[in-house]
Amino acid sequence: MSNVHVVEHPLIAHKLTLIRDKTTGVKEFREAISELAMLLCYEATRDLPLKEIEIETPVSITKAKVISGKKLAVVPILRAGIGMVDGILSLIPAAKVGHIGLYRDPVTTLPVEYYCKLPDDVASREVIILDPMLATGGSAVAAIKMLKDRGVSIIKMMNIIAAPEGVKAVQEAYPDVEIYCAALDERLNDHAYIVPGLGDAGDRLFGTK
Ligand code: PRP
Ligand code: URA
């Protein structure tokens with residue numbers, strides 16, 4: 001699985017346990033999702049290009065590095081992706097934010113599109129798609145297609161938990177898209193939920209069930 005980055009770190013492992021635990025309440029779940037997004041952001045932005053500029057410290061003139069290249073946009077998949085936005089923006093406050101609305105039809109598990117609002121200049125930006133769960137991969141593939149159709153060329157996928165089935169679906173459809181996740185779980189169950197997973201990410205994040 002060449003373009004999948006499973007980010008290993010003690011803080012990530014600890015926070016993952018918290019969100020997997022069914023007794024964790026909405027407040028702690030929300031905080032941990034946001035913090036996990038921040039930790040994954042560190043890894044997903046490791047390859048950002050830098051350029052050298054000259055600055056003056058209180059002591060001397062020196063050359064120092066700043067981020068260059070394409071500007072970033074983050075695009076959460078509604079609803080659950082919303083929970084990851086703040087964590088990313090705390091590290092990249094200038095990133096623009098687009099929104100893609102997709103839900104899985106409970107019978108077919110296929111994604112249904114209901115909203116798309118992206119920055120006007122999205123085609124000139126590198127985009128990180130945010131969604132805590134990559135299950136069948138249907139939602140991810142649909143979101144990537146929506147962005148590619150609008151001219152976006154560099155896309156990364158950030159998930160908290162991925163299933164092998166979802167990774168395979170994204171890799172087959174879009175081998176150029178790198179996936180960053182905190183865990184690659186065992187499999188999907190008969191209802192296309194990730195095992196062991198964390199249940200329904202949207203419901204746990206927003207307390208809707
Ligand atoms: C969840 C999750 C993903 C999708 C993953 O959203 O947040 O978007 O399922 O499943 P897939 O890989 O099989 O497409 P859901 O459809 O439950 O919508 P919600 O966030 O509005 O609850
Ligand atoms: N969507 C979720 O929220 N959880 C899963 O396990 C699969 C899809």
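The values are calculated or read from the model by the stated rules, or taken from the named source; none is laboratory data. Here the structure is a predicted model, which means the values were calculated and not measured. Reconstructed Cβ throughout: ideal geometry from the backbone, glycine too, with neighbour counts over all protein chains shown. In case anyone asks, the SASA skips ligands and DNA or RNA and just uses the protein heavy atoms, side chains included. Shrake-Rupley method; radii C 1.70, N 1.55, O 1.52, S 1.80 Å.
A few comments on the model shown:
- Counting every C-alpha pair in the chain, the share spaced more than 27 angstrom apart comes to 29%.
- Å² per residue, accessible surface of the chain at 1.4 Å: 52
- Computed from phi, the 3J(HN,Hα) profile of the range 54-67 under the Karplus parametrisation 6.51, -1.76, 1.60 (θ = phi - 60°) reads 9, 10, 10, 7, x, 10, 7, 7, 8, 8, 9, 9, 9, 5 Hz, with x in place of Gly and Pro.
- Every helix of 4 or more DSSP H residues in the chain counts as -39500 (n - 2.57), and over all residues that averages to -10000 deg cm²/dmol at 222 nm.
- Gaussian network model of the chain, springs between alpha carbon atoms under 10 Å - residue of Thr62, Thr108, Thr24 with greatest fluctuation: Thr62
- In this structure, Ile154 and Glu8 have a Cβ-Cβ separation that, at R0 = 30 Å, corresponds to a calculated FRET efficiency of about 0.75.
- Cα-based reach from Lys51 at 17 Å (exclusive), listing lysines while leaving out same-chain residues under 8 positions away: Lys63, Lys65, Lys70, Lys71
- Antiparallel beta bridges, as assigned by DSSP with both residues in the chain, represent about 40 percent of the total such bridges.
- Under 23 Å from Lys15, Cα to Cα: lysines that are on another chain or at least 8 residues apart: Lys27, Lys156, Lys209
- Treating each Cα of the range 123-170 as an identical point scatterer and summing with the Debye formula, the log10 of I(q)/I(0) at q = 0.16, 0.22 Å⁻¹ comes to -0.40, -0.72.
- Helix 10-20 axis, angle to the chain major axis (alpha carbon atoms, nearest 10°): 30
- What the phi angles of the range 68-73 give under the Karplus curve with 6.51, -1.76 and 1.60, with θ = phi - 60°, is a coupling list of 10, x, 5, 6, 9, 9 Hz, glycine and proline written as x.
- When the alpha-carbon atoms of the range 52-105 are used, the pair Rg, Dmax equals 17.5, 61 angstrom.
- With the biggest extent put first, the Cα atoms of the range 99-151 measure 37, 18, 16 Å across the principal axes.
- 3J(HN,Hα) along the range 159-167, derived from phi through the Karplus expression 6.51 cos²θ - 1.76 cosθ + 1.60 where θ = phi - 60°, amounts to 10, 7, 10, 10, 9, x, 4, x, 4 Hz, with x in place of Gly and Pro.
- Of all accessible heavy-atom area on the chain, the percent that carbon and sulfur account for (1.4 Å): 56
- Restricting the range 119-209 to GluC sites (Glu not before Pro) that sit in a DSSP loop and have at most 12 other Cβ atoms within 10 Å of their own Cβ leaves Glu186.
- Cα centroid separation, the range 1-48 to the range 135-157 (Å): 21
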